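J.: Can you read through this structure? Questions will come right after.
The values are calculated or read from the model by the stated rules, or taken from the named source; none is laboratory data. The structure presented is a predicted model; accordingly, all values stated were derived computationally and were not measured. Virtual Cβ from ideal backbone geometry, glycine too; neighbours counted across all protein chains shown. Surface accessibility is based on the protein's heavy atoms, side chains included, excluding ligands, DNA and RNA. Shrake-Rupley method; radii C 1.70, N 1.55, O 1.52, S 1.80 Å.
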Amino acid sequence: MAAAIALAAFHLWTGLFGVMESFTQRSVHLLLVCLALPMLALLGPRESRSRRFMLLAGSLMVVVPLLFNIWTGDYWANHMAYVVPLETVPVILACIGIAGLVILSERTLGPAFAVIVCVFILYAWLGQYIPGRFGHRGFSLSWAVDHFWYTKEGVFGIPLGVSATYIYLFVLFGALLDRCGGGKFMIDLAIAATGRFRGGPAKAAIVGSAVMGTISGSAVANVVTTGAITIPLMKRNGYKPHFAGAVEAAASSGGQLVPPVMGATAFVIAEFVGRPYSEIALSAVFPALLFYVGIFMAVHFEALRTGLAGNLKVPSLVAMLREGALFLLPIGVIAWSVFQYSPMRAALYGIGSVIAVAVFYRLLRGDLLKLPILVLDGVVEAAKAIGPVAIACAASGLIVGVLSLTGLGITINSAILSVAGSSMIAALVLTMISSLILGMGLPTVAAYLVQVGVTIPALVNLGVDPVGAHLFVFYFAILGNVTPPVAVAAYAAAAVANSHPDKTGWQALAICLPAFIVPFMFVLEPALIMQGSGVSEAIWPLATAIFGVAGLAAAIVGNGFVPLNFILRIVVGVGACAMLYPGIASDIAGVLVMGGALLTGKALAQKHATAASEGS
């Protein structure tokens, strides 16, 4: 707990009064995270003894090298890498630190990510024995660890720098908002706003999970928190358990796409692209909207198909707003500040507004003395949440370091281009597959970071807008959370819904199928991510895309305000895909095809109704 408090104090201090030299700042950040990890594990009653031991061992292995980095920070800031071989002590400490980091990545992110990191390290060591273009010249141990540990091309590179400056403060903002009552208010508000409508509890899950997902940055954490409230509501409303779990899994996964916070990865995207974070957040608005339109319409059409009504026993929206409207203020402050100031300053203003609102509410309730406990809980939760993110950022620096040291990134880039040829679509499909596979087993930020130096440069070389290329990988890394056979968000939702995991996973994938088209759309039509055009140029592509996504949802569910048989579902799906493809001609063809299919479905439904009435 002391490490969690120190972590918060350090970042608030540097946020208010300025960061240190970057190498030292990142070393202190990682040090405090590594000190907090085993201590917080001790607080968890479900943590196994072996997990606690490995966390402690990995943390101790990293702590001593980090202390050495901090003590000698000025030297490494001005160090001429590769010119003079390192002495024995720095080499040994770096090796111990790297080994400890791999252990921590296995404990916090799972074995898949640790295996990927180890494969890249082995390639740096043994790649000189690989024949052909995938081999490299070979590097001494001193040269390699110098690059990986003592420069900003490896562990202490851009990803960890973003974690050390921006991400933690936004994680702290989300944790404080949740602990001080804002999280519960957001969910209750979503239920009050949508609960009375057809399929209302499922729509409440979508709205609530979108809001909570943007600040939590973890699909699984979002599922188990919001899902504990929304999934039982959906089941009571008549949704089958596996469908209720699938809706929550899909909605929770997409929260990382929702501005202004977008979980954690968007800050890293901004650094790699070299654009302001506000531009990345603005670029994500329409893709996030299309993602949730697809889920929302799937839920609505399912409610129509099964005849589900709304839930009249929901709190009054006016009463909810009267009681807790001020909890919307911190999100408003963040949304405004992120477009006016640096992300760090925006996060500080957001944290300050959360504390101010919490003080006001506690004064009204007469229990102000509870506030320090709530704030402390938020600080501890922030430390728990930042641990996997910071370890992912640091360990992925090893991957980035291997790519830059050996030239493997350029080699893979050329290999992708040779396989795809001049076809952008082929390269996009290959990137989609790799992003989904990585997203199945890794946190989104880790899945994205693995791709940064591998597939994204190939897309850019084929003419994809840089922002679009990064968002494309990010988007599919998110969808990996609901892609079987390792749909981690869906499996977490299945546990809450008490449904079969595989059935829940495949249903979540079906609900999200329209979202699989969206990344291809904004690559082919950059106006949808505000690149090369303004809002006015994006209105028509967005409007047709909304109808296209809704049409795909209708084809998947089998109802588009009218029942659709198998053939009509296929026809509606074809028309929807035509509307999703950029171009006036395809849009007109899509409208005609989809409209004709829906009119045919309406006529068939009326015919069946007439026949049924005459038969009775």
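J.: Could you check segment 590-616 and list, in sequence order, the residues that are over 19 Å from Val518 (Cα atoms) and either small (Gly, Ala, Ser) or touching a Ser or Thr at 6+ places or on another chain (Cβ under 8 Å) (or both)? Spell out how you get there, then give the answer.
T.: Of all residues in segment 590-616, those over 19 Å from Val518 (Cα atoms) come to 592-593, 595-616.
Once the filter is applied, which keeps residues that are over 19 Å from Val518 (Cα atoms) and either small (Gly, Ala, Ser) or touching a Ser or Thr at 6+ places or on another chain (Cβ under 8 Å) (or both), segment 590-616 yields Gly595, Gly596, Ala597, Gly601, Ala603, Ala605, Ala609, Ala611, Ala612, Ser613, Gly615, Ser616.
J.: Let me ask something else. Looking at (1) without any contact (Cβ under 8 Å) to a residue 40 or more places away in the chain; (2) crowded, with 18+ Cβ neighbours inside 10 Å, find the lone condition where Ile570 falls short.
T.: Exception for Ile570: condition (2).
J.: Give just the number: which of (1) out of contact with any Lys or Arg (no Cβ under 7 Å at 6 or more places or on another chain); (2) touching a residue at least 12 places away in the same chain (Cβ under 8 Å) does Tyr341 not satisfy?
T.: The number of the failed condition is (2).
J.: While we're looking at this one, here's another question. What tally of residues in segment 503-530 results from selecting those that are farther than 23 Å from Leu436 by Cα and open to solvent by less than 20 Å² (accessible area, probe 1.4 Å)?
T.: Matching residues across segment 503-530 total 1.
J.: What number of residues within segment 109-119 satisfy the criterion of being touching a residue at least 24 places away in the same chain (Cβ under 8 Å) and open to solvent by 30 Å² or more (accessible area, probe 1.4 Å)?
T.: Qualifying residue count for the region: 2.
J.: Condition first: small (Gly, Ala, Ser) and not in a loop (DSSP other than H, G, I, E, B). Now tell me which residues in segment 492-506 satisfy that. Give the steps one after another, and end with the answer.
T.: Step one: list which residues in segment 492-506 are small (Gly, Ala, Ser), which gives 492-495, 497, 499, 505.
Of everything in segment 492-506, those that are small (Gly, Ala, Ser) and not in a loop (DSSP other than H, G, I, E, B) turn out to be Ala492, Ala493, Ala494, Ala495, Ala497, Gly505.
J.: Scanning for something modelled with pLDDT of 90 or more, of a type in the set (A, V, I, L, M), under 30 Å from Ser423 (Cβ atoms) and assigned to a helix (DSSP H, G or I), does segment 525-536 turn up at least one residue?
T.: Just the residues of segment 525-536 that are modelled with pLDDT of 90 or more, to begin with: none.
The answer is no, given that none of the residues of segment 525-536 is modelled with pLDDT of 90 or more, of a type in the set (A, V, I, L, M), under 30 Å from Ser423 (Cβ atoms) and assigned to a helix (DSSP H, G or I).
J.: What number of residues in segment 316-331 are in contact (Cβ under 8 Å) with a residue 40 or more places away in the chain and touching a helix residue (DSSP H, G or I) at 6+ places or on another chain (Cβ under 7 Å)?
T.: So the answer is 6.
J.: Do any residues in segment 355-378 that are more than 16 Å from Ile5 (Cα to Cα) have Cβ atoms under 6 Å from those of residues that are crowded, with 16+ Cβ neighbours inside 10 Å, where the two are at least six apart or on different chains, and which pairs are they?
T.: Listed by first residue and then by second, the contacts come to Val357/Leu326; Val357/Leu329; Ala358/Cys180; Ala358/Leu371; Arg362/Leu371; Leu368/Arg362.
J.: Would you mention how many residues in segment 558-587 are closer than 16 Å to Lys602 by Cβ and part of a helix (DSSP H, G or I)?
T.: Narrowing segment 558-587 to residues closer than 16 Å to Lys602 by Cβ: 558-565, 567-569, 571-572, 575.
Applying the additional criterion that residues be part of a helix (DSSP H, G or I) yields 567-569, 571-572, 575.
So the count comes out to 6.
J.: Any chance segment 258-280 includes a residue that's more than 17 Å from Tyr166 (Cβ to Cβ) and open to solvent by less than 10 Å² (accessible area, probe 1.4 Å)?
T.: There is no residue in segment 258-280 that is more than 17 Å from Tyr166 (Cβ to Cβ) and open to solvent by less than 10 Å² (accessible area, probe 1.4 Å).
J.: Tell me, please, whether a residue that is free of Cβ contacts under 8 Å to residues at least 24 places away in the same chain and either surrounded by fewer than 21 Cβ atoms within 10 Å (Cβ to Cβ) or touching a helix residue (DSSP H, G or I) at 6+ places or on another chain (Cβ under 8 Å) (or both) can be found in segment 214-228. Even if it seems obvious, please write down each step before you answer.
T.: Keep residues of segment 214-228 that are free of Cβ contacts under 8 Å to residues at least 24 places away in the same chain, which gives none.
Within segment 214-228 (the criterion being free of Cβ contacts under 8 Å to residues at least 24 places away in the same chain and either surrounded by fewer than 21 Cβ atoms within 10 Å (Cβ to Cβ) or touching a helix residue (DSSP H, G or I) at 6+ places or on another chain (Cβ under 8 Å) (or both)), the answer is no, since none of the residues qualifies.
The rows are residues; the columns are (1) within 19 Å of Ile269 (Cβ to Cβ); (2) open to solvent by less than 40 Å² (accessible area, probe 1.4 Å).
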{"site": "Ser140", "(1), (2)": "no, no"}
{"site": "Phe148", "(1), (2)": "no, yes"}
{"site": "Leu160", "(1), (2)": "yes, yes"}
{"site": "Gly181", "(1), (2)": "no, yes"}
{"site": "Ile206", "(1), (2)": "no, yes"}
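J.: Right, here's the next one. Could you please find all residues in segment 353-365 being open to solvent by 70 Å² or more (accessible area, probe 1.4 Å) and more than 23 Å from Ser337 (Cα to Cα)? Before the answer, list the steps.
T.: Looking only at segment 353-365, we keep the residues that are open to solvent by 70 Å² or more (accessible area, probe 1.4 Å), and these are 360, 363-365.
Answer for segment 353-365, where residues must be open to solvent by 70 Å² or more (accessible area, probe 1.4 Å) and more than 23 Å from Ser337 (Cα to Cα): Leu363, Leu364, Arg365.
J.: Restricting attention to segment 311-354, report how many residues are out of contact with any Cys (no Cβ under 9 Å at 6 or more places or on another chain), within 20 Å of Leu189 (Cα to Cα) and among the aliphatic types (A, V, I, L, M).
T.: 15
J.: Cβ contacts < 7 Å: first residue touching a residue at least 12 places away in the same chain (Cβ under 8 Å) and more than 30 Å from Ala3 (Cα to Cα), restricted to segment 385-414; second residue polar (S, T, N, Q) and surrounded by fewer than 21 Cβ atoms within 10 Å (Cβ to Cβ), any location; separation 6+ or different chain. Result?
T.: Asn413/Asn461
J.: For the subset of segment 432-491 comprising residues that are outside any helix (DSSP H, G or I) and closer than 24 Å to Trp506 by Cα, which member is most open to solvent (accessible area, probe 1.4 Å)? Before the answer, list the steps.
T.: Of segment 432-491, the ones outside any helix (DSSP H, G or I) are 442-443, 453-455, 462-465, 483-487.
Cutting the leftovers down to closer than 24 Å to Trp506 by Cα gives us 442-443, 483-487.
Numbers: Leu442: 9, Pro443: 48, Thr483: 13, Pro484: 16, Pro485: 95, Val486: 62, Ala487: 0 Å².
The selected residue is Pro485.
J.: Does segment 311-326 contain at least one residue that is open to solvent by 20 Å² or more (accessible area, probe 1.4 Å), modelled with pLDDT of 85 or more and farther than 26 Å from Ala508 by Cα?
T.: Looking through segment 311-326, at least one residue is open to solvent by 20 Å² or more (accessible area, probe 1.4 Å), modelled with pLDDT of 85 or more and farther than 26 Å from Ala508 by Cα.
J.: From the list Gly127, Gly97, Gly132, which one is over 15 Å from Pro65 (Cβ atoms), touching a helix residue (DSSP H, G or I) at 6+ places or on another chain (Cβ under 7 Å), open to solvent by less than 70 Å² (accessible area, probe 1.4 Å) and small (Gly, Ala, Ser)?
T.: Working: Gly97 fails: over 15 Å from Pro65 (Cβ atoms); Gly132 fails: touching a helix residue (DSSP H, G or I) at 6+ places or on another chain (Cβ under 7 Å).
Selected residue: Gly127, the only one of Gly127, Gly97, Gly132 that is over 15 Å from Pro65 (Cβ atoms), touching a helix residue (DSSP H, G or I) at 6+ places or on another chain (Cβ under 7 Å), open to solvent by less than 70 Å² (accessible area, probe 1.4 Å) and small (Gly, Ala, Ser).
J.: For Ile399, indicate whether it is within 18 Å of the chain's Cα centre (by Cα) and closer than 22 Å to Ile103 by Cα. Give the steps one after another, and end with the answer.
T.: On the way: within 18 Å of the chain's Cα centre (by Cα): no; closer than 22 Å to Ile103 by Cα: yes.
No, not satisfied.
J.: Go through segment 336-352 and count every residue that is buried (at least 16 other Cβ atoms within 10 Å of the Cβ) and either part of a helix (DSSP H, G or I) or modelled with pLDDT of 85 or more (or both).
T.: 9
J.: Take Leu289 and decide whether it is open to solvent by 40 Å² or more (accessible area, probe 1.4 Å) and at negative phi.
T.: Numbers: open to solvent by 40 Å² or more (accessible area, probe 1.4 Å): yes; at negative phi: yes.
When the stated conditions are applied, Leu289 passes them.
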